[in-house]
Each structure stands twice: as structure tokens, then as C-alpha cells.
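Novice: Dumping the structure here so I can ask a few things about it.
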Amino acid sequence: MYENDGPSRSREPGEPGERMRSMRRWRLVIGIGSLVLGLVLFATGHVLIGVLVAGLAAARLVMLSRLPMGRHQGPATPALRGWLRAQVPDEMRVAAGVIGCGADELRDHVRRGGSIAELAAERSVDPQRVIAAIEADLGTRAQGAVGTGVLPAQDTKRVASVAPRVASRIVHGRRHAVRPT
């Protein structure tokens, strides 16, 4: 959906990639213009203002140079975000299977404020093994969701790119302990 098509393809005005390039271009022009203005002010005797404007412009250009060239790699659509959230209970069951405990026990541990990684460590299971199992399960579920028409085909690539981060958040994340009522 937001893949970089490379320099060989020219984009039509109004396409998302063209708009992004246009914004980057304007930021670059404004930054260079500000830098030149600061140097001119400095050269004409307005040292303090010239140094201030040139310094801010240089900082802006450095920040611009550090921005990634591609598009944001997170889940782009609300539908995909919702689909990923809906998978969490199933992924908790996958984690429970890898750890060797019941899903209810795992759920209770998380509700008390613990993390899946802590429970895995208590049971001598490497948390990376749990993360890998969740990643693989997310990929399998995404393929199945495409087959049934729940997700568009391009979202399987997106799921594959965000699965490590999602799995790590599930395993290492904590919920605030639920107080007994």
C-alpha cells in the first residue's frame, strides 16, 4: 500500500508519495533559505540574529536529513489495527502453549500486573521463543484472513513487517494490576 516504488516510476500529482516528496522538498527549500538568510545577516553585521537564524536552520536541516525516506511502516489502516488487536486473545493462548501453562493462568498473571516474559522466565522458557511463536502464528492467521477476505492481500506484507514489534509488545507488555472488587 505504501511501498516505495523507487525512482524509476514517476508519480502523478496528488498521489500520496508525490505529496510526501513535495513536503520534503519544501522543508528543504525553507531550511536552505533560512541558512542563507542567517549567513547574509551575519555578513552584514547582524551577528546575533544571523547566528541564531543560521543555527536554527542548520538544526532543522540536520533533523530533516535524519527522517526516513520511506513511508511509515506501522499498520496503516484502522481495519488492520483492529484486526491485530482482535488477535491478542488468541496470541495469549499461543504464548500459554509455548510456556506450558493454561490460558487462564496466563491471563490471571497478566491481570495481576505481570508480563508474559516474566511467567516464561519463571518456567525456564526463553521469551524470544514465545515471541517467535506469536510472530509465526500472526503470519499464519494473516494468510488465513486473506484467504477468507477479511484482510486485503497487501496487508500480509504489513503484518509480516510489524509482527516482531506486536509480538514483543504482547510478551513484554504489562497491564496495570486489576484491583479485586
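Novice: Pairs under 8 Å by beta carbon, first residue over 17 Å from A132 (Cβ atoms) in the range 92-106, partner surrounded by fewer than 20 Cβ atoms within 10 Å (Cβ to Cβ) and of a type in the set (D, E, K, R), six or more apart or different chains?
Specialist: That search, which allows pairs on different chains as well, returns C101/R123; A103/R93.
Novice: If you don't mind, another one. Which residues, counting only those in the range 85-130, are charged (D, E, K, R) and part of a helix (DSSP H, G or I)?
Specialist: Going residue by residue through the range 85-130, those that are charged (D, E, K, R) are 85, 90-91, 93, 104-105, 107-108, 111-112, 118, 122-123, 126, 129.
Matches in the range 85-130: R85, D90, E91, R93, D104, E105, R107, D108, R111, E118, E122, R129.
Novice: Let me ask something additional. Taking interchain pairs and intrachain pairs at least six residues apart, which have beta carbon atoms under 6 angstrom, with the first residue in the range 43-60 and in the same structural domain as G33 (by TED's automatic domain parsing) and the second surrounded by fewer than 12 Cβ atoms within 10 Å (Cβ to Cβ) and among the polar types (S, T, N, Q)?
Specialist: Qualifying pairs under 6 Å: none.
Novice: For G97, state whether it is closer than 30 Å to R123 by Cα, modelled with pLDDT of 85 or more, exposed (fewer than 13 other Cβ atoms within 10 Å of the Cβ) and of a type outside the set (K, R).
Specialist: no
Novice: From the list V178, V130, V125, pick out the single residue that is more than 24 Å from the chain's Cα centre (by Cα), at pLDDT 90 or above and β-branched (V, I, T).
Specialist: Values: V178 fails: at pLDDT 90 or above; V130 fails: more than 24 Å from the chain's Cα centre (by Cα).
Among V178, V130, V125, only V125 is more than 24 Å from the chain's Cα centre (by Cα), at pLDDT 90 or above and β-branched (V, I, T).
The values are calculated or read from the model by the stated rules, or taken from the named source; none is laboratory data. Owing to the predicted nature of the structure, the values given are computational and were not obtained by experimental measurement. Positions of Cβ are backbone-derived with ideal geometry, glycine not excepted, and every protein chain shown enters the neighbour counts.
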